[in-house]
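For reference, the structure discussed in these notes is given below.
Nothing in this text is a laboratory measurement; each read-out follows from the coordinates by a stated rule. What you see is a predicted model, and the numbers here were worked out from it, not measured in a lab. When we count neighbours, we look across all protein chains shown, and the Cβ atoms used for this are built from the backbone with ideal geometry, even at glycine.
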Amino acid sequence: MTKAIIIQKPGGPEVLEITDIKLKALGSDQIKVKNIAIGLNYIDTYHRSGLYPVPLPSGIGLEGAGIITEVGSSVSELSVGDNVAYAGGSPSAYAEERILPAQIAVKIPDGISHKVAACIMTKGLTSHYLLCKTYKLNSSDIVLFHAAAGGVGQVFSQWAKGIGCKLIGTVGSDDKIGIAKENGCDHVINYTSQDFVKEVKKITNGAGVSVVYDGVGKNTFQGSVDCLKPRGTMVSFGNASGPLDPLNVPKDIQSKSLFFTRPTMKDYYTTRDEVVEGAEELFKQFKFGKIKIKIFKEYALVEAKQAHLDLESRKINGPAILIP
């Protein structure tokens, strides 16, 4: 038996229950991992609330790091005793032990701890596909990134700054302005007290930005579209303030010949090669010091309810983890 967080029904943090479970038999292409640390991500709240429905009852959590304790018969790239990190698969990372597809696990390079690895896989791979694949950033781009002081925002901003683009970040409170600047934003706008469209137009001399990365959703979508220059790209990758209203193509897209995309990580890392490529690029950023991670807070696994409360009330200013 192993302890895991299970949800029986969608709802608030109160539906997170710590339970003793028996893991299923290991499949030939799977591995068993003893988690050392588990990543905390905003998408976990979507699975818990039912915004992104999952078959119930269900585990929760997509990201973690630990030690392999068993490998399936067809697994050749990984071995018992390997230190690995993973992101994706079915939600079930909030656990002492778990079984997962070998395809989504990568070896942790020397010099990166389990704790750091556990909180960078989702945020780091998300940043990788956003700036290397969804819209390939270059040094001439002017970029707007919402929630720049958040977990993804901090990783993205450091990576984007290394590319050399001009980065405008938004935050939800004045105390997050310094965090966003420290991680590479050239300009930071508090969108709760400032008109971020007006500020972006001022910064860009009325031209607008090449691309907007919007993980906030409902509250920022229309302003994000207004900030784009003609033929710009709108990347909507999250719904922290609520899901988007239906897209009005003539009004929102056609008016400036814009590109609109709603990317998800599962569609960018569909093969083992894609996972390994993304992880290697991410770890390379750490190796050369272009990305640095400071874990904001650690919670015990049994404190998952409090962690979700803090996450949704915007009290977590950076990567956070659960410790089994």
In whole Å, what is the distance between the alpha-carbon centres of the range 278-298 and the range 300-319?
21
Cut-off is 10 Å between beta-carbons; in what order do Cys119, Cys165, Cys132, Cys185 appear when sorted fewest neighbours first?
Cys132, Cys165, Cys185, Cys119
Of the listed values (i) 18.4; (ii) 15.7; (iii) 23.8, grab the one calculated as mean projected area of the Cα convex hull in nm² from the structure here.
(ii)
What size of dipole, in debye to the nearest 20, comes out for the chain about its Cα centre when the only charges are +1 on Lys and Arg C-beta atoms and -1 on Asp and Glu C-beta atoms?
620
Apply 1/(1 + (r/R0)^6) to the Cβ-Cβ distance of Glu277 and Ser79, taking R0 = 30 Å, and write down the FRET efficiency to the nearest 0.05.
0.90
Please give every one of the lysines within straight-line cross-link reach of Lys266, meaning a C-alpha to C-alpha distance under 18 Å, and leave out same-chain neighbours fewer than 8 residues apart.
Lys123, Lys133
Separation of alpha-carbon centers, the range 182-225 and the range 75-136, rounded to whole Å:
31
For the range 251-324, what class follows from the C-alpha gyration tensor (a ≥ b ≥ c being the square roots of its eigenvalues): rounded when a/c is under 1.5, otherwise prolate if a/b is larger than b/c, else oblate?
oblate
Among the lysines, which fall within straight-line cross-link reach of Lys256, defined as a Cα-Cα distance under 17 Å, with same-chain neighbours fewer than 8 residues apart omitted?
Lys201, Lys229
Between rounded, prolate and oblate, where does the range 1-131 land on the alpha carbon gyration tensor, with a ≥ b ≥ c its root eigenvalues, rounded for a/c under 1.5, else prolate if a/b exceeds b/c?
oblate
Assuming R0 = 41 Å, can you tell me the calculated FRET efficiency for the pair Thr69 and Lys136, based on Cβ-Cβ distance, to the nearest 0.05?
0.55
Output ³J(HN,Hα) for the range 147-157: one whole-Hz value per residue in order, computed from phi by the Karplus curve 6.51 cos²θ - 1.76 cosθ + 1.60 with θ = phi - 60°, and x for Gly and Pro.
6, 5, 8, x, x, 5, x, 5, 5, 4, 4
Phi-derived 3J(HN,Hα) across the range 40-50 with the Karplus relation (6.51, -1.76, 1.60, θ = phi - 60°), rounded Hz, x for Gly and Pro, is 10, 9, 5, 4, 4, 5, 5, 5, 5, 7, x
Between Lys218 and Lys198, what is the spin-label point distance in nm, taking each point 7 Å from the Cα along the Cα→C-beta axis?
2.5
Name the chymotrypsin sites (Phe, Trp or Tyr not before Pro) in the range 245-288 that are in a loop by DSSP and that have at most 13 other C-beta atoms within 10 Å, would you?
Phe288
For the chain, percent of DSSP beta bridges that are antiparallel (nearest 5) comes out at 55
Counting DSSP beta bridges with both partners in the range 139-262, what percentage is antiparallel, nearest 5?
0
What are the principal axis extents of the Cα atoms in the range 139-262, in Å, biggest first?
39, 31, 24
Under a Cβ-only charge scheme (Lys and Arg +1, Asp and Glu -1), can you give me the dipole magnitude of the range 139-262 about the Cα centre, in debye to the nearest 20?
320
Explain nothing, just the number: relative contact order of the chain, from Cα pairs under 8 Å at least 6 residues apart, as a whole percent.
17
Using only helices, what value at 222 nm comes out for the chain when you add -39,500 (n - 2.57) per DSSP H run of length 4 or more and divide by the total residues, to the nearest 500 deg cm²/dmol?
-8000 deg cm²/dmol
Putting +1 on Lys and Arg Cβ atoms and -1 on Asp and Glu Cβ atoms, find which of Asn41, Ala95, Ile67 reaches farthest to the positive end of the dipole of the range 29-159.
Asn41
Return the loop-located trypsin sites (Lys or Arg not before Pro) in the range 1-64 (DSSP other than H, G, I, E, B) with at most 13 other Cβ atoms within 10 Å of their own Cβ; answer none if there are none.
Lys22, Lys24
Over 23 Å between alpha carbons, listed pairs Lys161/Lys315; Lys176/Lys251; Lys136/Lys290:
Lys161/Lys315; Lys176/Lys251
